[in-house]
Amino acid sequence: MTNPEKIALLEETWELDEGTLTEDTVLADLDEFDSMGKLSLIVLCDDEFGKKLTGETIKAFQTVKDILDFMG
Amino acid sequence: MKIYIGKREEYSSFELLQKAYWIRYSETVSEESIVRNSNGKPYFKSLTMPFFSISHSGDYLACVFDEDEVGLDIQKIRRIPQIVIRKYLHTVSTDPVQQIFEWTKIESYGKMNGSGIPTEDDYDQGVFVSTSELDGYAITICTKSEKNQAIELVYI
């Protein structure tokens, strides 16, 4: 999956308008990156990428690019 | 049951806890007085001190004290991602507000037990009390003590 496709998946997961996110988007600036947003990210990474996200890993995410890199 | 509410722009979680504790018990608490169990749930180290729970969402932080295990969740009312609804919500309601309240029940129960997100079968203990008194937010506490079930919001 390409990075634009992963970004589109993130936007769909967080129910954001298309084009809201870029690789440089700072997660701390996103209202959607709250506890529920983090949970939906955990589910997404598990279901779509087979990757287990931990709280510590999520804490280390600064930008959308960090999530994309984790997705692999 | 009193829920202490503060603005996130004014307080950190610990600062809110500290101020609320002072208001409630006229005593100060230090960060060293708090320990976490193996699941990461925070407690006061002293057995003579109450249980507590803290939550934040949107512009607000909230905390509550109780004589028994307690979980608190505050959520800004917004649409829940479908991926979360499909996986975790037990309700059949399609009303976003009802779904948020259901979510706060799940979170508060998990925080009370310190066991993460419960399944539907796990709802075997605890009393849920919810309020929408804070405009635009859903708040639910889950407690094992069956008294003091009326919620009073205290803005600090």
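Sorted by packing (mean other beta-carbon atoms within 10 Å per residue), highest first, where do A:36-45, A:6-15 land? Numbers along the way, then the final one.
On the way: A:36-45: 20.9, A:6-15: 18.5.
Result, highest mean Cβ count within 10 Å first: A:36-45, A:6-15.
Can you work out the Karplus-derived ³J(HN,Hα) for every residue in segment A:58-67? Use 6.51 cos²θ - 1.76 cosθ + 1.60 with θ = phi - 60°, whole Hz, and x for glycine or proline.
Each residue of segment A:58-67 in turn: 4, 4, 7, 5, 10, 10, 4, 4, 4, 5 Hz.
Pick from B:VAL64, B:VAL35, B:VAL97: which is most flexible by mean-square fluctuation in a GNM of chain B where alpha carbon atoms under 10 Å apart are linked?
Its mean-square fluctuation being the largest, the pick is B:VAL35.
Once you put a point 7 Å from the Cα of A:THR20 and another 7 Å from the Cα of B:VAL129, both along the Cβ direction, what distance in nm separates them?
So the label points at A:THR20 and B:VAL129 sit 3.5 nm apart.
Taking the alpha-carbon set of the protein assembly as shown, what are its Rg and Dmax in Å?
Over the protein assembly as shown's Cα set, Rg and Dmax evaluate to 18.2, 57 Å.
Please report the carbon-and-sulfur percent of the accessible area for chain B; probe 1.4 Å, protein heavy atoms only, DNA, RNA and ligands left out.
Summing carbon and sulfur atoms, their accessible area is 45 percent of the total for chain B.
What number, in percent, do you get for the relative contact order of segment A:1-71 if the mean sequence gap of Cα pairs under 8 Å and at least 6 apart is divided by its residue count?
That works out to 39 percent.
For chain B, which span is the longest to avoid every loop-located (per DSSP) member of trypsin sites (Lys or Arg not before Pro) having at most 14 other Cβ atoms inside 10 Å?
The segment B:80-146 is the longest one with no such site.
Total accessible area buried between chains B and A, 1.4 Å probe, in Å² to the nearest 100?
1200
Step by step: find N for segment B:2-155, compute 2.2 N^0.38 Å, then divide the Cα radius of gyration by it. What's the final number? Please report the intermediate quantities before stating the final value.
Working: Rg = 15.2 Å, N = 154, 2.2 N^0.38 = 14.9 Å.
Scaled against compact globular proteins, the figure is 1.02.
Mind pulling the angle between the C-alpha long axis of helix B:13-25 and the longest principal axis of chain B? Nearest 10 degrees, somewhere in 0 to 90.
Its long axis makes an angle of about 60 degrees.
What is the mean number of Cβ atoms from other protein chains located within 10 Å of the Cβ atom of each residue in peptide B:78-88, rounded to a whole number?
For this peptide, the per-residue mean of nearby foreign Cβ atoms is 6.
Can you tell me how much longer the chain between B:ILE151 and B:SER33 gets when fully stretched, taken as 0.36 nm per residue apart minus their C-alpha distance, in nm with one decimal?
Separation in residues times 0.36 nm, less the Cα-Cα distance, equals 39.8 nm.
Rounded to the nearest 5, what is the percent of antiparallel bridges among the DSSP beta bridges in chain B?
85
With runs of 4+ DSSP H residues as the only contributors, calculate the mean residue ellipticity of chain A at 222 nm using -39,500 (n - 2.57) per run, divided by the residue total and rounded to the nearest 500.
My calculation for chain A gives -16500 deg cm²/dmol from helical runs alone.
Report, as a whole number in µm² per second, the diffusion coefficient that Stokes-Einstein gives for segment A:3-71 at 4 °C and 1.567 mPa s using the Kirkwood radius over alpha carbon pairs.
The estimated diffusion coefficient comes to 109 µm²/s.
What angle, in degrees between 0 and 90 and rounded to the nearest 10, separates the Cα long axis of helix B:96-113 from the longest principal axis of the Cα atoms of chain B?
Long axis of B:96-113 versus the principal axis of chain B: about 50 degrees.
If you place +1 on the Cβ of every Lys and Arg, -1 on the Cβ of every Asp and Glu, and leave all else neutral, what size is the dipole of segment A:3-71 about its Cα centre, to the nearest 20 Debye?
That gives segment A:3-71 a dipole magnitude of about 420 debye.
The values are calculated or read from the model by the stated rules, or taken from the named source; none is laboratory data. These numbers come from a predicted model, not from an experiment. In this analysis, Cβ positions are derived from the backbone assuming ideal geometry, glycine residues included, and neighbour counts consider all displayed protein chains. Surface areas here come from the heavy atoms of the whole protein model, side chains and all, with no ligands, DNA or RNA. Shrake-Rupley method; radii C 1.70, N 1.55, O 1.52, S 1.80 Å.
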